[in-house]
Amino acid sequence: MEKKVTLSTIKADVGGLVGHSSIHPDLCKEAENRLETAKKQEKILDYYVTACGDDLELIMTHRKGPDNTEIHQMAWDIFWACAETAKKLKLYGAGQDLLTDAFSNTIRGMGPGLAEMEFEERKSEPIIVFMADKTSAGAWNLPLYKAFADPFNTAGLVISPSLHEGFKFQVHDVKGHKRIFFDAPEEIYDLLVFIGAPSQYMVKSVYTKNGEIAAATSTERLALTAGKYVGKDDPVYIVRCQGDFPAVGELLEPFTRAQLVEGWMRGSHTGPLMPVAVKDANPSRFDGPPRVTALGFQIADGQLIGPRDMFDDPSFDVARQECNRLADHMRRHGPFEPHRLPMEEMEYTTMPQVMERLESRWEDLN
Ligand code: F6R
Ligand code: MG
Ligand code: MG
C-alpha cells in the first residue's frame with residue numbers, strides 16, 4: 001500500500017433552504033451517492049458529506065495528492081449535479097458558487113473553496129475539519145495564530161518538546177497575489193502585522209519546523225474571483241492534531257472566545273463567529289450570526305473513522321452566549337460602522353451600485 005494520504009475538503013453553495021440559511025437533504029444524498037460510486041471505483045479512499053449553513057461540504061481522502069485534476073473534476077461534477085437537484089426544488093441561489101460552466105484542470109478560481117493536504121499517515125492520525133458559513137476566508141487567522149503561536153492557548157508550546165520549536169506560517173496576500181513565510185515564535189510580531197488584517201492577508205497553511213504539514217485553509221475570495229458580489233467565501237480549515245501538532249483541545253480552544261468576523265447579512269457586516277454543533281449550523285437571525293462547525297476524524301489507512309461533532313459540547317455554551325450577546329450589541333448599530341463593514345470592504349458588496357446612482361448629485365464644496 002502506498003504510504004501518503006491526501007485529505008481534501010471542497011465546498012460550494014449550490015442552493016439554500018430557506019433563502020441562504022441551510023441546505024436540503026437531497027443535495028447531501030446526491031453527493032453521497034456519487035462519492036459512494038467514486039469510492040467503489042477506487043477513485044477515492046473514503047468520504048463524508050456534511051453541510052454548514054447553505055454550504056455543501058465534501059470531505060474526501062485519496063492517494064492522488066493536492067490539486068489533482070481527477071479529484072477536482074469529480075467535485076465539480078458533483079456540485080453541478082447537486083445544483084441541478086437544487087434547481088428542480090427551486091432552492092434559493094441554485095448553483096450560486098459555480099462561476100463558470102467549463103472545467104479546466106483545477107477547481108481553484110471557479111467558485112468552490114478548498115483545503116487540501118498530503119501526509120504520511122501516522123500510527124494514529126486525528127484530524128479536524130473546521131467549516132464556516134456567513135464569513136470570509138480570513139476568519140481562520142486568529143484561531144490559527146492562537147493554536148500554533150500563543151502559549152496562553154496552547155500549553156504544548158511551553159510544555160511539549162515536540163511543539164516547543166514552534167511552527168512556520170504561510171501567509172497569502174489575496175489582493176496582491178503574493179505569499180510569504182514566517183517562523184513562530186521568532187517572527188510573531190511580523191506575522192501579526194499582516195494576519196491582523198484578515199480581509200487581505202490569510203494564513204494558507206502551517207508547517208512544523210521540520211516541514212510537516214499541520215494545517216491548510218481555503219483562501220478563495222469569491223468576490224475577487226467573480227469580480228462582483230456573489231456571497232461570502234464561507235471557508236474551511238483542516239488540521240492534524242496531537243503528537244507534533246497541537247492537541248485536539250488546543251485546536252478547539254480559540255473558539256471559546258467570541259471572535260468578530262466579516263460576513264453575516266449580505267456579506268456586509270461584522271459579527272461574532274459562533275461555534276455550534278452541525279445540527280445548529282443554520283444561520284437564521286439576520287442571516288447569521290456567522291457559524292463554525294468542527295468535525296473530528298481518525299484516519300485509518302485512508303478511511304475516515306468518525307465523525308465526532310466537536311462543538312456539540314456544553315463547554316462551548318458560554319462562547320455561544322457571548323456570541324448572542326455580542327450579536328445583540330452589534331445589531332444595535334444597524335447600518336452604522338463598525339457593524340457595517342468599512343467602505344473599503346463594501347466595495348465587494350452590492351452597495352456601490354446604490355452609490356453610483358447618487359454620484360451626479362454630489363456638489364463640490366468651495
Ligand atoms: C450572506 C448571505 C445572505 C444574503 C442575503 C441577500 O453571505 O448569503 O445574507 O446576502 O440573504 O440575499 P440575496 O441577495 O440572494 O437576496
Ligand atoms: Mg447561499
Ligand atoms: Mg454560505
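What is the chain's relative contact order, in percent, from Cα pairs under 8 angstrom and six or more apart in sequence?
18 percent
Past 18 Å, Cα to Cα: identify those pairs from Lys178/Lys209; Lys175/Lys232; Lys146/Lys232; Lys11/Lys134, in the order given.
Lys178/Lys209; Lys146/Lys232
Over all directions, average the projected area of the Cα convex hull of the stretch 84-219 and note it in nm².
So the Cα hull casts an average projection of 11.0 nm².
Hey, with R₀ at 35 Å, roughly what FRET efficiency would Asp77 and Lys123 work out to, going by the Cβ-Cβ distance, to 0.05?
For R0 = 35 Å, the calculated efficiency reads 0.50.
For the stretch 227-277, which trypsin sites (Lys or Arg not before Pro) are in a loop by DSSP, counting at most 14 other Cβ atoms within 10 Å?
For trypsin sites (Lys or Arg not before Pro) across the stretch 227-277 that sit outside H, G, I, E and B with at most 14 neighbouring Cβ atoms in 10 Å, the list reads Lys228.
So, in nm, how far is label Leu192 from label Phe152 when the simple model puts each one 7 Å beyond its Cα toward the Cβ?
0.9 nm
So, R0 is 22 Å and r is the distance between the beta-carbons of Thr69 and Thr37; what FRET efficiency does that work out to, to 0.05?
FRET efficiency, Thr69 to Thr37: 0.75.
If I take the Cα coordinates of the stretch 293-353 and project them onto the principal axes, what are the three extents in Å, biggest first?
On the principal axes, the stretch 293-353 reaches 51, 29, 13 Å in Cα extent.
Which value, in Å to one decimal place, does the Kirkwood hydrodynamic radius take for the stretch 205-311 when every pair of different Cα atoms is included?
Result for the stretch 205-311, one decimal place: 15.7 Å.
So what does the Cα-only Debye profile of the stretch 134-288 read at q = 0.12, 0.18, 0.20 Å⁻¹, as log10 I(q)/I(0), no solvent term?
-0.51, -1.09, -1.29
Helix check for the chain. Which DSSP H runs span at least 30 Å along their own axis by Cα, with a mean Kyte-Doolittle hydropathy no less than -1.0?
Helix filter hits for the chain: none.
Compute the distance in nm between two label points, each set 7 Å from the Cα along the Cα-to-Cβ direction, one at His333 and one at Leu358.
1.8 nm
Between Met343 and Lys228, what FRET efficiency follows from the Cβ-Cβ distance if R0 is 22 Å, with the result rounded to 0.05?
Result of the calculation: an efficiency of 0.80.
With a sphere of radius 14 Å drawn around the Cβ of Asn153, what net charge do the other residues whose Cβ falls strictly inside it have (Lys, Arg +1; Asp, Glu -1)?
-1
With the Cα gyration tensor of the chain in hand, convert its eigenvalues to equivalent ellipsoid semi-axes via √(5λ) and list them largest first in whole Å.
Each semi-axis is √(5λ); the values are 31, 26, 20 Å.
What ranking do 101-110, 8-17 get when scored by the average of other Cβ atoms within 10 Å per residue, highest first?
Top of the packing list down: 8-17, 101-110.
Could you give the nm distance between label points at Lys87 and Arg285, where each point is 7 Å from its Cα heading toward the beta carbon?
Between Lys87 and Arg285, the simple spin-label model gives 3.7 nm.
Quick note: the coordinates plus some simple rules give every number you see, no bench work behind them. Note that the structure is a prediction, hence the values are computed from the model and not measured. A quick note on method: Cβ atoms are made from the backbone with ideal geometry, for glycine too, and the neighbour counts reach across all protein chains shown.
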